[in-house]
Amino acid sequence: MKQFGLIGYPLSHSFSKKYFSEKFTKEEIKGCSYELYELSSLAGFRQWMEGVKNLNGLNVTIPYKQEVIPFLDRLDDKAKAIGAVNVIKKENDGTFTGYNSDYHGFKRSLEQFLGDAKPSRALVLGTGGASKAVVVALQDLNIVPQYVSRTAGHGVIAYDELTPAILSTHALIINTSPVGMYPHVDQCPAIPYEQLGSGHYLYDLVYNPAETLFMKKGLERGVKAKNGLDMLVLQAEKAWEIWNS
């Protein structure tokens, strides 16, 4: 039996177990199991990983995409450049390598979403682990990213600094924060939605609900909007490829 799973806290929002369990059934993949491991901290995490029977690989979600790095033996080049990990592979020699499949999932999904549109600048809402993959993918697509958070800092502007001029020059807005995720469906990032127009593209990494309040408020202003489900499927398939390479 090959064991796979997801670590994070909390995991009430996760689709991973359902996705991989259905994949194993649909594709007649024998001898594999996928579990949710809700860990309230990473204390003793290395020993925990080594103790999971038949462990082959893990996915990593909020809030551990950066915290998990010191427990690993190595990172692949893209995970190293991003500074965040969402896939761990147990190698044949018992060591652990970190990867980032969020990058691959987001980049491919965004290219499909934008089509021939070529925004030159993007606002990235949130500064957590998922945002790191988004920023590197944007840079690789020659889109200049600008971090936005509740408080300003080095390379980061605050939500209350979003002027009409900034909104008019940043056609793409990506929510990488968990704001608006089920069950908090009545919440959304605090951007000035009244300044949005038909030339804007809103991409929400949240996929539950399928139409977040962030998306709904944008759609009411004529924007094009997309949730994170495609990204999630693409990154999951990339994770499977990594585990079996």
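The values are calculated or read from the model by the stated rules, or taken from the named source; none is laboratory data. Everything quoted here is computed from the prediction, not taken from an experiment. Note that we place each Cβ from the backbone using ideal geometry, even for glycine, and neighbour counts take in every protein chain shown.
Considering the range 52-101, and only residues there that are of a type in the set (D, E) and not in a helix (DSSP H, G or I), the residue that is nearest to V136 (Cα to Cα) turns out to be D76.
Residue-level analysis places F106 outside the set of residues that are under 30 Å from L58 (Cβ atoms), surrounded by fewer than 19 Cβ atoms within 10 Å (Cβ to Cβ) and among the aromatic types (F, W, Y).
Of the strands (runs of 3 or more DSSP E) contained entirely in the range 105-212, those carrying at least 3 residues that are not aromatic (F, W, Y) and not assigned by TED's automatic domain parsing to the domain that holds A81 fall at 121-125, 144-149, 156-158, 172-175. Among the residues of the range 173-225, those that are crowded, with 20+ Cβ neighbours inside 10 Å, under 20 Å from F15 (Cα atoms) and in contact with a Phe, Trp or Tyr (Cβ under 7 Å, 6 or more places away or on another chain) comprise N175, G180, Y203, D204.
Does K132 satisfy the criteria of being under 30 Å from V52 (Cβ atoms) and buried (at least 18 other Cβ atoms within 10 Å of the Cβ)? Yes; evaluated as a whole, the condition is true for this residue. Within the range 147-165, the set of residues being more than 12 Å from G126 (Cβ to Cβ) and surrounded by fewer than 17 Cβ atoms within 10 Å (Cβ to Cβ) comprises T151, A152, G153, H154, G155, A158, D160, E161, T163, P164, A165. Scanning the range 184-229 for residues that are in contact with a helix residue (DSSP H, G or I) (Cβ under 8 Å, 6 or more places away or on another chain) and among the hydroxyl-bearing types (S, T, Y) yields Y193, Y201, Y203, Y207.
The single condition among (1) surrounded by 15 or more Cβ atoms within 10 Å (Cβ to Cβ); (2) in a loop (DSSP other than H, G, I, E, B); (3) free of Cβ contacts under 8 Å to residues at least 40 places away in the same chain that K17 does not meet is (2).
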